[in-house]
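Just below is one structure, and these are the notes that go with it.
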Amino acid sequence: MSDTPTGRRFRSQAWFDNPDNPGMTALYVERYQNQGFTRRELQGDRPIIGIAQSGSDLAPCNKIHLFLAERVKAGIRDAGGVPMEFPVHPIQETGRRPTAALDRNLAYLGLVEVLHGYPIDGVVLTTGCDKTTPAQLMAAATVDLPSIVLSGGPMLDGWWEGKLAGSGTIIWESRRLLAEGEIDYPEFMERACASAPSLGHCNTMGTASTLNALAEALGMSLPGCSAIPAPFRERMNMAYATGRRIVEMVLADLKPSDILTRQAFENAIRVNSAIGGSTNAPPHLQAIARHAGVELAVEDWQTVGFDLPLLVNMQPAGEYLGESFFRAGGVPAVMGELLAAGLLHAEALTVTGESIGHNLAGERSRDRRVIRSVEDPLREKAGFLVLRGNLFDSALMKTSVISAEFRHRFLAQPGREGIHEARAVVFEGPEDYHARINDPDLGIDETTILFIRGVGCVGYPGSAEVVNMQPPDGLLREGVTHLPTVGDGRQSGTSESPSILNASPEAAVGGGLALLRTGDRVRLDLNACRLDALVDEAEWEARRAAWTPPVLHHQTPWQEIYRRLVGQLADGGCLELATAYHRVARDLPRDNH
Ligand code: FES
Ligand code: MG
C-alpha cells in the first residue's frame, strides 16, 4: 500500500491498491493497465483525475473540449496526477428534441454514477452549452469530490453586413424581419449561419455565457475562465492551468462543499444582474443549491439581486459580444467592479484555495464601453422581479431587457405607473401558438397579453423555451414588435423579450394558469409584483373544480421517469428524490465481484 505525499490515501486506491482484497485489486488493475497505464501510475502515489468530456459531434457547442482535453491532461500530468477522460451524456441546446432541458437531469444522474462508481479522486467538469454547466455542477455537488469547472468558451463574434451578429439574438430578430416581409428565407439562413463562425458556445450573454460566468462567480472555476473565446490560445492555457489545479485541490482535499456556500450563491445572483444574465439562471442555480444542500429560494433573486445594476453591455441586453467582453476583462472585471462597490461577499472561498477578494484584488474593467462601473451603469436595478398572483405562486421577469418603448406603451400610464390591464389570449403549447397566432378571430391588438401553457417540466416534458412569442404578423408590420407574454415554460437566454416566465406551479399539475381562458381580463401590477386574472372568486373556484389533469403522452421511458420525479421550475426542476442525496463520495460502493 502506498501513501500519498500528504500521507493521505486516495479514494482510487480502494480499487487499485487494496490490501484487504488483493484479488479484486488485480481485477481492477489488469483491465486499466491493458490500455497502457503502468502499474506505477495506477498503484503509485498519484491521484486519478477524471475529465468529464461533454463535447462530441452531437454537442458542437462543447466540441472544443475534445481538443482542450490534451492541455488538461498535460496540466494534470505535470502536477503529478493521472488523467482519465470519459463521456458525459450530450446536452445540445439546439439539437435535442423535445428540449435539452429534459437531459440536464439525465446527464446529472449519469455523472453522479460515474463519479461515485469509478476510481476517481477529482474531476474536471467541461462546460459550455446551456445545461451542460448546471448538470455537471449539480453532480459535483451531490458527489462532493474535488471538482473544477473548465468552460469551453464562446464562439468568435459573428458578423453580418458590417454589424455584430449574436447567437440566438439574430435568430429572434430575423424571425421578426421574415414575418414582416423585410427579408426572404435564404437571407434568414445566411444571417443565422453568420452568427456561428467558429467552435464554441453562444457568443451572446445567453444561458451558456451566463451559466459559465456564474460557475466562476460561485468560485468553481479559475478566475477569468468563463469569458475566453473558445479558439483563443488563452483558452488552451486555461485548460492546462485547470488540469494542474485540480491535482492540487485533491491533495488539499478542497471540495465543492467548501466552496458552494450561501455566500457563493448570493454572489452568483448579484453577478447575474450585473451581466444581464439569462432567465434560465434561477432554476439552474436553484438546482445546484439544492444538490449542495444550501438554502435558496426563487424570492432570493429579487431580494438579493434586483437592486444590482447592469454593467455589461452585451447582447441581448446591450450591444457587444463575447470577444469584447473578454478583452474588457470578463467576469473578474465585473466582479472587481462589484467588489469595489461592496456588493459581493469578498471572503467566499474558490477553487484557488483563496477567497474571491484575494483572487480579484485590483481587477477592474479595461474597457468602459463594454463593462461599466457601478457609479455609471447601463441600467439601475437590473435584476429579476419575482411575480405572484392567482395564476401562479411565482414567475420571473427580466427587467434589463425591457425597452423604453415597451415600458412607455405598457407600464407608464399616467397615475398608474407599472400597472397594465389587458385581455388574455391563451395558447396550449407552441404548436397551437403557431397555428393560430395570425387568426384575426383572436382579436389580438397592441394591448393584449399572450399566454402559453402546458410547456413546463411535466407538461412539455422538460420545460420548453417558447414563452417569447412574437405578435401576429399584422401587428409586426405596424411596428408592434413585442407584446407581454406569460407562460409556464422558459425562454431562450438570448431573447430580449419582456416575458413573464418559469410560472410555477405549471398548468399540467393544476397551477392557476390552467384555469385561464381567452377573453379573461388580467392585471399586471409591477409595483406589487402581481399578475392576476380578474375573474370572480366563485367562477375561478368552479373552473378549478372542473379541471382535470391532462393525459400525458410519454414517447420514451426517460420522459415518463422524468415526469414522475421532476419538481417545478421555481424549485430548480430537479428530480425531487435526488435532492436528498449529499456527499455520496463518502459512501464507497461495494466491490463488483
Ligand atoms: Fe449551445 Fe447556445 S446553443 S450555447
Ligand atoms: Mg435555448
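Here are some notes:
- For the chain, the residue among Ile500, Tyr32, Gly362 whose Cα projects farthest onto the positive side of the dipole built from Cβ charges is Tyr32.
- The relative contact order of region 384-546 comes to 29 percent, based on Cα pairs under 8 Å that sit 6 or more residues apart.
- Cys residues of the chain that find no other Cys beta carbon under 4.7 Å: Cys193, Cys202, Cys225, Cys457, Cys529, Cys574.
- Ordering of 243-253, 147-157, 480-490 by packing [mean C-beta count within 10 Å, highest first]: 147-157, 480-490, 243-253
- Degrees, to the nearest 10: 233-252 long Cα axis against longest axis of the chain: 60 degrees
- One quarter of the convex hull surface built on the alpha carbon atoms of region 384-546 amounts to 9.3 nm², the projected area averaged over directions.
- Gyration tensor analysis over the Cα atoms of region 33-179 returns equivalent ellipsoid semi-axes of 35, 17, 11 Å (largest first, whole Å).
- Percentage, to the nearest whole number, of Cα pairs in region 231-357 over 26 Å apart: 28 percent
- Size of charge dipole - region 384-546 - debye, nearest 20, with Cβ of Lys, Arg +1 and Asp, Glu -1, no other charges: 340 debye
- Within-11-Å neighbourhood charge of Val426 [Cβ basis; K, R +1; D, E -1]: +1
- Kirkwood Rh, angstrom, region 116-270 [1 / mean 1/r, Cα pairs]: 16.9 Å
- Note on Asn527/Ile183: beta-carbon distance plugged into 1/(1 + (r/R0)^6) with R0 of 30 Å gives a FRET efficiency of 0.15.
- Inter-part distance where region 19-63 and region 361-401 are each reduced to a Cα centre, Å: 44 Å
- Proximal lysines relative to Lys398, as straight alpha-carbon distance under 20 Å, when same-chain residues fewer than 8 apart are discounted: Lys131, Lys381
- Using only alpha carbons, the chain has a radius of gyration to Kirkwood radius ratio (Rg to Rh) of 0.99.
- Protection proxy ranking, highest mean first, for peptides 98-111, 364-377: 98-111, 364-377, where packing is the per-residue count of other beta-carbon atoms within 10 Å, averaged.
- For the peptides 459-468, 525-534, the ranking by packing is 459-468, 525-534, with the highest mean count of neighbouring Cβ atoms within 10 Å listed first.
- To the nearest ten degrees, helix 22-33 and the longest principal axis of the Cα atoms of the chain are 70 degrees apart.
- Taking other residues whose beta carbon is less than 12 angstrom from the beta carbon of Cys574, and scoring Lys, Arg as +1 and Asp, Glu as -1, yields 0.
- For q = 0.08, 0.11, 0.13 Å⁻¹, Debye-computed log10 I/I(0) when each Cα of region 309-454 counts as one equal scatterer: -0.38, -0.65, -0.81
- All distinct Cα pairs of region 476-593 go into the 1/r average, and the inverse of that average, the Kirkwood radius, is 18.2 Å.
- Two-site label geometry, Glu576 and Asn34: point separation in nm, points 7 Å out along Cα→Cβ: 4.5 nm
- Options Asn203, His434, Ser278, ranked by Cα towards positive dipole end of the chain, top entry (Cβ charges): Asn203
- Residue-averaged [θ]222 nm for the chain, counting only DSSP H segments that reach four residues, each worth -39500 (n - 2.57): -10500 deg cm²/dmol
Rule-based calculations on the coordinates, nothing more; no lab input. Computed from a prediction, not measured in an experiment: that's the story for all the values here. Reconstructed Cβ throughout: ideal geometry from the backbone, glycine too, with neighbour counts over all protein chains shown.
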